[in-house]
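**Q** Just dropping this structure here.
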Amino acid sequence: MKYTLNQLQIFLKVAETESITKAADELHLTQPAVSIQLKNFQAQFDIALTEAIGRKIYITPFGKEIAKAAETIIEQVYAINYKSALYKGQIAGRLKIAVVSTGKYVMPYFLSEFLALNPAVELTMDVTNKRNVIESLANNEVDFSLVSVLPPKMDIEKIDLLKNKLYLVGNQAKAFDTNAPKEVFKNLPLIVREEGSGTRQTMLEYLNRNDISYLKKMELTSNEAVKQAIIAGMGYSIMPLIGIKNELFNNDLHILPVKGLPITTMWSLIWLKGKQHSTVAAAYIDYLENFKNKMVASTFKWYEQF
């Protein structure tokens, strides 16, 4: 057999996601490239690794065994790389972080300099909804999770990184009685995020806490989709400021002042209390404790305008 490390990585990602599209997206490859490598990898086995039913791909029992072996091989390759770096006196290893979807506008800024200073560190960052982020943390599958709403029943430690401000936004400025939120929302078509979203949870807590009835227009599965729907004039939503910077400055979106808004939470990097951190994870905590305030002051200065 002449399978490559690249083929093992691609097959493992397909097995994890059960989707060529998702695997291609997470690996930053085209779908045809993933399909070709998957086909070449399959050609080296007499037993099927996958089964396609309609547009859905399933991993066969034999494929699941190969995926486990592939994961072990890849982990050993990482170990060799890390040991080589350690002998050179470098911080080396894999840093695994799960990030809620809106956190993709936050986390990279708190990682870029650390990774530049430590080139032997390999980052795995999974961007998904809050429910999956908390689940991966609870199962100890990641070093850290970035959330804006802390899990209430989990024993954790945290570093607060940045305030999370959520405003009512629309595609044009409107004049409301800002002291009468019940009247504002009464006939305002609202776009909400899907179940399991931290943004949805925060929005609904505000509406319920203030006994506000609202007109639900639609439900979408990402803040980016919500943002584009608002720009297109399909409704309004309460959205995190962090994800709408460019649209505000370009006047594609407008903040609509309403009593009780913005809602302010906190972007926090969390981990399981008592977790035995790897050398890389411990170094990252130390880095954040020393430099996070500097990063906030330099990178998120625009935040103070709102």
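**Q** Can you pull out the residues in segment 105-126 that are modelled with pLDDT under 90 and either within 22 Å of Thr265 (Cα to Cα) or of a type in the set (Lys, Arg) (or both)?
**A** Matches in segment 105-126: none.
Each row is one residue, and each column tells you yes or no for (1) under 30 Å from Ser197 (Cβ atoms); (2) touching a Lys or Arg at 6+ places or on another chain (Cβ under 9 Å); (3) modelled with pLDDT of 85 or more.
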site	(1), (2), (3)
Tyr58	yes, no, yes
Ala67	yes, no, yes
Ile80	no, no, no
Gln90	no, no, no
Gly93	no, no, no
Ile97	yes, no, yes
Val100	yes, yes, yes
Gly103	yes, no, yes
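**Q** Starting from residues that are modelled with pLDDT under 80 and not hydroxyl-bearing (Ser, Thr, Tyr), keep the ones in segment 174-186 and report whichever is nearest to Val106 (Cα to Cα). Before the answer, list the steps.
**A** Step one: of segment 174-186, the residues modelled with pLDDT under 80 are 174-179.
Okay, now just the ones that are also not hydroxyl-bearing (Ser, Thr, Tyr), so 174-177, 179.
Details: Lys174: 29, Ala175: 31, Phe176: 31, Asp177: 33, Asn179: 32 Å.
Filtering first and then ranking leaves Lys174.
**Q** Okay, moving on. State all residues of segment 9-48 that are open to solvent by 50 Å² or more (accessible area, probe 1.4 Å), closer than 23 Å to Leu123 by Cα and either charged (D, E, K, R) or out of contact with any helix residue (DSSP H, G or I) (no Cβ under 7 Å at 6 or more places or on another chain) (or both); if no residue qualifies, say none.
**A** Once the filter is applied, which keeps residues that are open to solvent by 50 Å² or more (accessible area, probe 1.4 Å), closer than 23 Å to Leu123 by Cα and either charged (D, E, K, R) or out of contact with any helix residue (DSSP H, G or I) (no Cβ under 7 Å at 6 or more places or on another chain) (or both), segment 9-48 yields Glu16, Glu18, Lys22, Asp25, Glu26, His28, Leu29.
**Q** Can you find a residue that is under 21 Å from the mean Cα position of the chain (by Cα) and surrounded by 14 or more Cβ atoms within 10 Å (Cβ to Cβ) anywhere in segment 177-184?
**A** The answer is no, given that none of the residues of segment 177-184 is under 21 Å from the mean Cα position of the chain (by Cα) and surrounded by 14 or more Cβ atoms within 10 Å (Cβ to Cβ).
The values are calculated or read from the model by the stated rules, or taken from the named source; none is laboratory data. Keep in mind that what you see is a predicted model, and the values were worked out from it rather than measured. Reconstructed Cβ throughout: ideal geometry from the backbone, glycine too, with neighbour counts over all protein chains shown. When the accessible area is computed, the model is the full protein with side chains, heavy atoms only, and any ligands, DNA or RNA have been set aside. Shrake-Rupley method; radii C 1.70, N 1.55, O 1.52, S 1.80 Å.
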